[in-house]
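Chemist: Take a look at the following structure, please.
Bear in mind these aren't lab numbers, they're just calculated from the coordinates by the rules spelled out. As the structure is a computational prediction, the values presented were derived from the model and not from experiment. Heads up, the Cβs are rebuilt from the backbone with ideal geometry, glycines too, and the neighbour counts pull from every protein chain shown.
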Amino acid sequence: MKINKLILLFVTTLFLGSCSNDEQGSTIESEVETPVTVKASFSYTISATDPYVAIFQNTTESSFQYQSLWDYGLGEGKVNVGSGLVEVRYNEVGNYTVKFYAVYNGVTTEESKTIKVDENGICPNGLCGSTSSTSLKDAATTFAVGNITRSSWVIGSGKYIELLKNEFNSLTSEYEMKMNVMYPAQGSYNFSAADAIVSFAQANDMYVHGHALIWHNATPSWVENFSGTDAEFEAMVKAYITTTVTRYKGKVRSWDVVNEALEDGSGNPLRKSVFKQKMGDDYIKKCFQFARDADPDVLLFYNDYNMASSATKRAAMFTLVDELGDLIDGVGAQMHISYNGPSASQIKNLADGVISRNLKLHFAELDIRANPNNDLTVLSNDRAKAQSAKYKEVVQIYNSIPLENKFALTVWGVRDNESWLIDFWGNADWPLLFDSNYNKKLSYYGFLGGLQ
Ligand code: XIL
């Protein structure tokens, strides 16, 4: 606060010369000590849970009412947010000029600071490169942390490759280790994309989770329309599984042998796939046996979705798994979930069922929808926090299962804008750990927080 000394001196002189009444005098003095300016001042700290968030504090000293305005340097201009601490997230790497204005008595003062943001978040004291960050795979000391990839993405170098190698130690092919890609025409395999992914993983000391030998949604049309007897069909499937599993023996840690065999409807019966139709109800067991015979050491999984949210689907899955006996090593629980469900107890029920069977648990295909009801056009701060909390919860649950049941937690995508969910649901969403510029989101820190 700046007091205009000249005015104060003038009025004090008047007061001394005209009156000796203390009470009156103090009244005159308080009217007189009017500041003509209020000096705007602010400070900021970096959030302990999200290094991309700055917490701003108005530190202006004044007991007078003045108007405060912020410009966070994000292109929104001046905003009036009232009093208290303000959290602002800087998603993009760059320099931001933040201004705080105090308006009093027709006079505006301002303070401005530059916020620098690099790929590790806000640079403390403007000094970038001094923040240390633990990667997901390093923080997860007892299980692998995976992500998906594509053969066209694992060539060359750049931000994506760096991030993948730094954060993850297990790879799953998003769609190139499925039957329609690996066996597009009868008698003619195409392993070129799968080979590229497996080689990249080997060169970078990453596991490969093979996904998925049999899936009704990735069955080539020549198999759907197979011309031949049922016995010939089964021999073809046996040859396909044997060829594929043998090719990657010692290179692929695990396979989803059959993916999504259960219906969603009441009773959750087996889907009426061409495999069930031609090989019989025990086609799953047969496929597991073919895979086991081809590689006695590879880990074999049954993989499906909605097994936390649906108790009946979970029960149907356990019935199926129990029938497989020693042929199965683990259950892959696809975690395509939302920020508001399924609940922690539903997820735990699923984990408990797997643990009680002494099987490995794969939290597979993790992505968490932030916009399941399509009520957002941009990811709001509140929703980002809720999504981050859900990531943390899921990771915490996984991290607390017994060591012998742990296997891997696989995230289904790196950047939000590349998530399959956007096409699948047809609306905007931000389900992953990184934004479209590979910046870590709040969800990333939720994941990391779940490992602590
Ligand atoms: C999806 C891929 O992400 C898409 O790129 C592809 O077009 C279709 O498959 N359950 C699964 C995954 O088991 O294989 C699916 O992946 C997503 C749902």
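Chemist: Pull out a ≥ b ≥ c, the square roots of the eigenvalues of the alpha-carbon gyration tensor of the stretch 132-239, then state rounded if a/c is under 1.5, prolate if not and a/b is larger than b/c, and oblate in the remaining case.
Modeler: Since a/c reaches 1.5 and a/b is larger than b/c, the shape of the stretch 132-239 is classed as prolate.
Chemist: Continuing with the same structure: Any chance you could list P(r) for the chain, counting all Cα-Cα pairs in 10 angstrom bins from zero, rounded to whole %?
Modeler: 4, 18, 24, 19, 11, 8, 6, 4, 3, 2, 1, 0
Chemist: Could you pull out every residue, at least 5 positions away or on a different chain, whose amide H is within less than 5 Å of the one on G332? Hs are placed 1.01 Å off N in the peptide plane, and Pro or chain starts have none.
Modeler: Those qualifying (amide H under 5 Å, at least 5 residues apart or on another chain) are Y302, N303, D304, H362.
Chemist: Sticking with the crude label model, points 7 Å out along Cα→Cβ, report the distance from N427 to K251 in nm, one decimal please.
Modeler: Roughly 4.3 nm, to one decimal.
Chemist: At a 10 Å Cβ-Cβ cut-off, how would you order D352, D382, fewest neighbours first?
Modeler: By the 10 Å Cβ count, ascending: D382, D352.
Chemist: Report the relative contact order of the chain, percent, no decimals, based on alpha-carbon pairs under 8 angstrom and at least 6 residues apart.
Modeler: Taking the mean separation of contacting Cα pairs over the length of the chain, I get 11 percent.
Chemist: For the stretch 414-439 and the stretch 312-362, what is the separation of their Cα centres, given in Å?
Modeler: If we compute the Cα centre of each part, the gap is 26 Å.
Chemist: Moving to a separate point now. Classify the stretch 288-399: rounded, prolate or oblate, from the alpha-carbon gyration tensor (a ≥ b ≥ c, eigenvalue square roots; a/c under 1.5 rounded; otherwise prolate if a/b is larger than b/c)?
Modeler: Since a/c reaches 1.5 and a/b is larger than b/c, the shape of the stretch 288-399 is classed as prolate.
Chemist: Compute the whole-percent fraction of alpha carbon pairs in the stretch 35-172 spaced more than 21 Å apart.
Modeler: When all Cα pairs of the stretch 35-172 are counted, 56 percent exceed 21 Å.
Chemist: Same structure, new question: How many Lys pairs in the stretch 148-287 lie less than 20 angstrom apart by Cα atoms, where the lysines are 8 or more positions apart or on different chains?
Modeler: 21
Chemist: Now for a separate question. If I take all pairs of Cα atoms in the stretch 188-342, what percentage of them are more than 19 Å from each other?
Modeler: 56 percent
Chemist: Residue by residue through the stretch 358-375, which ³J(HN,Hα) values in whole Hz follow from phi under the Karplus form 6.51 cos²θ - 1.76 cosθ + 1.60 (θ = phi - 60°), with glycine and proline marked x?
Modeler: Coupling constants for the stretch 358-375: 6, 9, 7, 10, 10, 7, 9, 6, 7, 8, 10, 5, 9, 10, x, 9, 6, 9 Hz.
Chemist: Based on the mean of other Cβ atoms within 10 Å per residue, sort peptides 328-338, 164-174 so the most packed one is first.
Modeler: 328-338, 164-174
Chemist: Then there's this: Among the lysines in the stretch 301-452, how many pairs, 8 or more places apart or on different chains, have alpha carbons under 19 Å apart?
Modeler: 14
Chemist: Something else about it: Mind checking which of A185, A144, Q387 is farthest towards the positive end of the chain's charge dipole, using Cβ charges of +1 (Lys, Arg) and -1 (Asp, Glu) about the Cα centre?
Modeler: Positive-most Cα among the choices belongs to A185.
Chemist: Along the stretch 239-256, what does the Karplus equation 6.51 cos²θ - 1.76 cosθ + 1.60 (θ = phi - 60°) give for ³J(HN,Hα), rounded to whole Hz, x for Gly and Pro?
Modeler: 5, 5, 5, 5, 4, 5, 5, 5, 4, 9, 4, x, 10, 9, 6, 7, 10, 7
Chemist: Now for a different question. Taking the highest mean first, how do the peptides 431-440, 280-289 order by number of other beta carbon atoms within 10 angstrom per residue?
Modeler: 431-440, 280-289
Chemist: Ranking L448, L376 by Cβ neighbours within 10 Å, fewest first, what do you get?
Modeler: Taking fewest neighbouring Cβ atoms as first place, the list is L376, L448.
Chemist: In whole Å, how far is the Cα centre of the stretch 189-262 from that of the stretch 101-117?
Modeler: After rounding, the separation between the Cα centres reads 62 Å.
Chemist: Using only Cα atoms and rounding to the nearest 10 degrees, what angle (0 to 90) does helix 311-324 make with the longest principal axis of the chain?
Modeler: The angle comes out at about 40 degrees.
Chemist: What is the magnitude of the charge dipole of the chain about its Cα centre, with +1 placed on the Cβ of each Lys and Arg, -1 on the Cβ of each Asp and Glu, and no other charges, expressed in debye to the nearest 20?
Modeler: Result for the chain is approximately 580 debye, rounded to the nearest 20.
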